[in-house]
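Take a look at the structure below.
None of the figures in this text is laboratory data; all of them are computed from the coordinates on show. On a predicted model such as this, the values are computed, not experimentally measured, just so you know. Here Cβ is always computed from backbone atoms with ideal geometry, including for glycine, and neighbour counts include all displayed protein chains.
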Amino acid sequence: MDEKGTEMVRLTISLQEEDVLVSDFDKWHIVLNDTFCSDNELEDEHFEQNILYITKVESWERIFDLDRPRDIEWWGKSEDAEYQGVTGRIELSSIMKVEHFIAK
């Protein structure tokens, strides 16, 4: 969390869809924590028992499969999923609005 009183800038930008890599926000933390991205509890147990057909690193590709069915008890409802987008470069011509503000 940003410290209260910090000067901040918010950009409104316009990008082409192909210039944005979108991933599942919750599943991205699986990669950050260097763990297997399981679809459900049973698959997680199978990974721990070393009886799966995919590796931990291969499971990480799932963070980009936004249409992948979700086990509600394991991941929650699909409509509650949060996504994040990243881009490698923002050209000045893509900036639509610049807002300066102070963090509250």
The one condition Ser38 fails out of (1) under 30 Å from Gln16 (Cα atoms); (2) more than 13 Å from the chain's Cα centre (by Cα); (3) small (Gly, Ala, Ser) is (1)
Residues of region 10-64 being surrounded by fewer than 12 Cβ atoms within 10 Å (Cβ to Cβ), of a type outside the set (Phe, Trp, Tyr) and in a loop (DSSP other than H, G, I, E, B), in sequence order, are Ser14, Gln16, Asn33, Asp34, Gln49, Asn50, Ile51, Thr55
Over region 75-101, the set of residues within 23 Å of Asp44 (Cα to Cα), surrounded by 10 or more Cβ atoms within 10 Å (Cβ to Cβ) and of a type outside the set (Asp, Glu) is Trp75, Gly76, Ser78, Ala81, Tyr83
